[in-house]
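**Q** I'd like to ask some things about the structure below.
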Amino acid sequence: MTLFNSHKVALLFAGLALTANTWASESLSDVTKPSLEQGENVTTRDDKASLYRDYDKMAQDNQDQLAAIHKELRRILSQNYYDFPEQAAQVTELLNQLNAAKKAELEAQAASDKGDWESANAAAKKWEQAQAQAAESVSNTQMALKLKGAKQVIALKATEPMVNPFTVVSDGKTESLETTAAAVEPTLPITPVEEIQLDGATLYNEKGCVSCHGVDGKMPVKANYPQLAGQVPEYALAQMKDIKNDARTNRESVVMKGLVQVVSDDDLNTIAQWLASVPMEINSDVSMETSGAQLYQSKGCLACHGADAKTPLPNYPKLAGLNEAYTIAQMTDIKSGARDNGQSMAMKAIMQSVSDEDIQRIGQWLASLAKAIEPPSETAAVESLETTAPAVEPTFPITPVEEIQLHGATLYNEKGCVSCHGSEGKMPIMLLYPKLAGQNQDYALVQLKDIKSGARDNGQSIIMKGIMQGVNEEEMTLIAQWLTSLPQEHGVATDATLADQGAKLYNDKTCVACHGKDAQTPIMPIYPKLAGQNPDYVIAQMKDIKSGARHNGLTVVMKGVMQMISDEEIEAIAQWLVSPTEIKKK
């Protein structure tokens with residue numbers, strides 16, 4: 001039996017949203033004060049003014065108490081109260097009391113708008129009484145949960161000890177009650193905005209987040225990946241940590257694990273804060289009359305995520321504008337238990353009353369809240385990455401084309417490169433050696449340096465290390481520049497069926513995220529072009545990155561992705577890469 005009354009929670013938090021909009025936006029003291037009307041005497045006016053002052057004070061006191069109740073209610077909902085039938089019933093009664101208070105509050109507000117101060121005072125008194133009952137229920141529920149040994153299952157953020165603001169009267173004495181929960185330290189240290197903007201953007205790109213979630217976290221490469229821009233920082237940090245430590249293992253999070261393994265908690269924190277600072281534009285004119293919007297309210301989603309889906313409780317995510325496929329997948333997994341980290345444990349009970357059709361409608365509505373974003377061109381995306389994230393190696397100076405052609409070609413032959421990679425880097429003597437013609441110069445230079453230093457020591461690179469000792473950095477630069485100036489040539493796939501499978505896998509396994517949809521326009525110049533490469537070499541490198549045998553440069557980012565790719569799938573991808581343009585046209 002589902003003890004969590006989602007419908008009542010929905011009503012409660014719908015009320016909270018209305019309250020925030022009504023009372024937070026303008027001070028009660030700003031309400032138009034009664035003025036002398038035609039034919040009205042001073043005594044009558046003074047009586048109205050007195051009633052207004054009474055109402056003003058009562059309404060403000062009620063608002064203060066309501067804020068305190070909401071604060072403590074969050075603490076109750078953060079515990080496993082639903083495991084205790086009596087306390088679950090207490091919570092239901094508490095919600096009923098708050099709903100009654102909300103009804104009285106709206107009556108009071110309507111009367112005050114009409115200048116009917118007598119009726120406004122009467123409704124405010126009912127509001128006060130209902131909230132007093134709710135305050136007592138909160139205290140009783142907290143004490144009962146403490147005696148039952150309830151556990152906190154949802155982390156809360158607080159900057160001061162949790163002291164219960166409510167009081168109860170016992171033997172004619174008013175006593176203050178301490179809450180049962182211990183103080184929780186702030187989840188995120190505050191970082192200066194300028195530092196967040198600088199370091200967060202850099203880390204987001206440098207650690208490979210951009211590969212899947214797009215520039216500024218706004219345009220994921222796959223529909224079942226989430227937008228990250230503007231997300232609640234506490235939530236974003238908690239999810240990254242949970243993926244890192246295996247607390248969250250559903251769907252693509254297993255792919256992401258390899259990436260976050262090499263990111264410190266401090267760096268995760270900085271990324272989360274930066275993402276929160278990135279604006280995500282949301283439509284404000286979306287109809288609330290759609291079936292998805294109505295389900296969002298009636299099924300209780302607004303209780304935790306806000307009436308607008310972008311003002312959630314602490315540690316809960318903003319949902320407005322998220323990709324439909326992602327939202328549907330996550331709700332489905334929380335309902336089944338496939339995702340059980342953090343607050344999803346509490347949400348599972350609510351989801352049992354939400355059908356698959358309901359989930360789809362809610363997901364569609366949430367996605368409709370996002371404003372359309374013009375996809376950046378591939379050139380713009382690369383430029384953005386280059387400006388926000390420093391290159392792994394400094395970009396080398398540009399050398400005049402004539403000098404490159406003269407010295408680069410000469411050095412390529414003189415230093416022995418031609419012996420293994422063939423004339424102009426197009427015909428290696430072994431299929432396990434890579435073609436070099438047309439390769440990104442930044443990538444080629446980094447690999448030459450890493451092989452020379454020993455940072456890359458897998459496969460045949462050990463043999464090449466000895467040769468590289470006789471090549472200085474300036475010569476490497478000239479060779480790399482010359483190689484990139486050469487035309488890139490494709491081969492012919494030996495297994496067309498396997499290559500067709502590889503085309504799909506290249507996209508499904510997110511290779512496209514870093515290396516481009518055609519495998520020859522990677523998102524950063526320090527990533528390699530893969531199109532036309534020898535399949536034996538590609539297979540060997542992917543397997544070595546997967547096993548950790550190759551661990552230089554950004555391969556540590558790719559290792560996590562490779563854990564989801566089987567050896568058979570590696571071979572299919574390698575077959576497609578032989579001639580990706582040719583396969584694409586079929």
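Values quoted throughout were computed directly from the atomic coordinates according to the rules given, and no laboratory measurement underlies them. This is a predicted model, so every value here is computed, not measured. Methodologically, a virtual Cβ is constructed for each residue, glycine included, from the backbone with ideal geometry; neighbour enumeration extends over all protein chains shown.
**Q** Taking amide H positions as placed in the peptide plane 1.01 Å from N, state which residues far from Asn440 in sequence (5 or more) or on other chains have amide H under 5 Å from it.
**A** Result for Asn440 returns Lys529.
**Q** Applying the Karplus parametrisation 6.51 cos²θ - 1.76 cosθ + 1.60 with θ = phi - 60° to the phi angles of the range 410-418, what ³J(HN,Hα) value in whole Hz is obtained for each residue in order, glycine and proline being reported as x?
**A** 3J(HN,Hα) across the range 410-418, in whole Hz: 4, 5, 4, 7, 5, 7, x, 4, 4.
**Q** I want the local charge near Thr327. Using Cβ-Cβ distances under 15 Å, sum +1 for each Lys or Arg and -1 for each Asp or Glu among the other residues. Don't skip to the answer; put the middle values down first.
**A** Working: positive: Lys222, Arg251, Lys299, Lys310, Lys318, Lys335, Arg339, Arg361; negative: Glu252, Glu324, Asp333, Asp356, Glu357, Asp358.
Spelling it out: positives minus negatives among the neighbours equals +2.
**Q** Rounded, prolate or oblate: pick one for the range 193-368, where a ≥ b ≥ c are the square roots of the eigenvalues of its C-alpha gyration tensor, a/c under 1.5 means rounded, and failing that, prolate if a/b is larger than b/c, else oblate. Could the numbers behind the result be given before it?
**A** Details: a/c = 1.93, a/b = 1.44, b/c = 1.34.
Cα axes put the range 193-368 in the prolate bin.
**Q** Also, I was wondering about something else. Rounded, prolate or oblate: which fits the range 448-506 when a ≥ b ≥ c are the square roots of the eigenvalues of the alpha-carbon gyration tensor, with rounded for a/c under 1.5 and prolate only if a/b beats b/c? Walk me through the intermediate numbers first.
**A** On the way: a/c = 3.32, a/b = 1.88, b/c = 1.77.
Prolate is the answer for the range 448-506, as a/c is 1.5 or above and a/b outweighs b/c.
**Q** Over the range 401-484, what is the mean sequence separation of C-alpha contacts under 8 Å (at least six apart), divided by residue count, expressed as relative contact order in percent?
**A** Numbers: 94 pairs, mean separation 32.6, N = 84.
It rounds to 39 percent for the range 401-484.
**Q** Moving on to the next point. Give me, ordered by chain and number, the residues 5 or more places off Gln79 or on other chains with an amide H under 5 Å from its own placed amide H.
**A** Val153
**Q** For the range 496-584, what relative contact order do you get, as a whole percent, if you take Cα pairs closer than 8 Å and at least 6 residues apart? Each step should come with its number before you reach the end.
**A** On the way: 114 pairs, mean separation 39.4, N = 89.
It comes to 44 percent, rounded to a whole number.
**Q** Ordered by residue, what ³J(HN,Hα) values in Hz, to whole numbers, does the range 129-134 give under the Karplus form 6.51 cos²θ - 1.76 cosθ + 1.60, where θ = phi - 60° and Gly and Pro are x?
**A** Per residue, the Karplus-derived 3J(HN,Hα) values read 5, 5, 5, 5, 5, 5 Hz.
**Q** For the range 524-531, just list the computed ³J(HN,Hα) in residue order, Karplus coefficients 6.51, -1.76 and 1.60, θ = phi - 60°, integers in Hz, with x standing in for Gly and Pro.
**A** 9, x, 8, 9, x, 6, 10, 4
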